[in-house]
Amino acid sequence: MPAVSHLILAASLVLVPALASPALAGQGDVPTVSAAAAPLVSVRLAPALIESAETTYGLTEVKDQAERLKALVTADLEQMGVMAGGRVDLVLVDLKPSRPTRQEMISRPGLSFRSASLGGARIEGEMTTFDGEVMPVSFTWYASDLTDSRRQAVWGDAQWAFERFSHRLSRGQLYALR
């Protein structure tokens, strides 16, 4: 009995490739399932924000925050698999730190890192799907209470705004109701 089962197994190993190869002949490599193209995400600064960044917060720090927003939105959209093959063009309209930035501490020596303010961000833009449909997006969030300021980093409230925006965008909560 064991000899018969070995014979059947050997025959199946020989026949399966022989039967499969004519079906795939002339087709080259076997097609594989590939991941959909990730959406292209761009974040630019509004002219008014660039001006205030140059005079108040420091342009480098504000540009770093724009890069963080871009990375967060890109990662969330890829993880959720939405907007594949599309574009997301965002404008960082306003940005407020929760603590004094390096530039503020240099220009105003009386400030302390312990100084706290209500930070946040305002983001606008549009999403273009792979088939060309354009949907506007807008999001604003600013802290309304200094209660959590003891735990906040310089851009803590802005980071919170970015996370809320990215989470809602990648789950369709900002554009599905339009």
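The values are calculated or read from the model by the stated rules, or taken from the named source; none is laboratory data. Please read all numbers here as calculations on a predicted model, not as lab measurements. Neighbour counts run over all protein chains shown; Cβ positions are idealised from the backbone, glycine included. Side chains are part of the model used for accessible areas, which takes the heavy atoms of the whole protein and leaves out ligands, DNA and RNA. Shrake-Rupley method; radii C 1.70, N 1.55, O 1.52, S 1.80 Å.
Some notes on this structure:
- Qualifying residue in segment 122-134 (condition: aliphatic (A, V, I, L, M), farther than 22 Å from A53 by Cβ and in a strand (DSSP E or B)): yes
- Unmet criterion (only one of (1) modelled with pLDDT of 90 or more; (2) touching a strand residue (DSSP E or B) at 6+ places or on another chain (Cβ under 6 Å); (3) not aromatic (F, W, Y)) for L77: (2)
- Within segment 123-142, the presence of at least one residue that is under 17 Å from L45 (Cα atoms), of a type in the set (G, A, S) and surrounded by 19 or more Cβ atoms within 10 Å (Cβ to Cβ) is confirmed.
- Where I106 falls short, out of the listed (1) open to solvent by less than 70 Å² (accessible area, probe 1.4 Å); (2) free of Cβ contacts under 8 Å to residues at least 24 places away in the same chain; (3) of a type outside the set (K, R): (1)
- Residues satisfying the stated conditions in segment 36-70, i.e. of a type in the set (V, I, T) and over 16 Å from I123 (Cα atoms): T55, T56, T60
- Residue satisfying all of: in segment 153-165; small (G, A, S) and surrounded by fewer than 24 Cβ atoms within 10 Å (Cβ to Cβ); farthest from R68 (Cα to Cα) among these: A153
- Scanning segment 109-121 for residues that are at pLDDT 85 or above and not hydrophobic (A, V, I, L, M, F, W, C), we see that the one that is nearest to the chain's Cα centre (by Cα) is G120.
- The single condition from (1) assigned to a helix (DSSP H, G or I); (2) touching a Gly at 6+ places or on another chain (Cβ under 9 Å) that V154 fails is (1).
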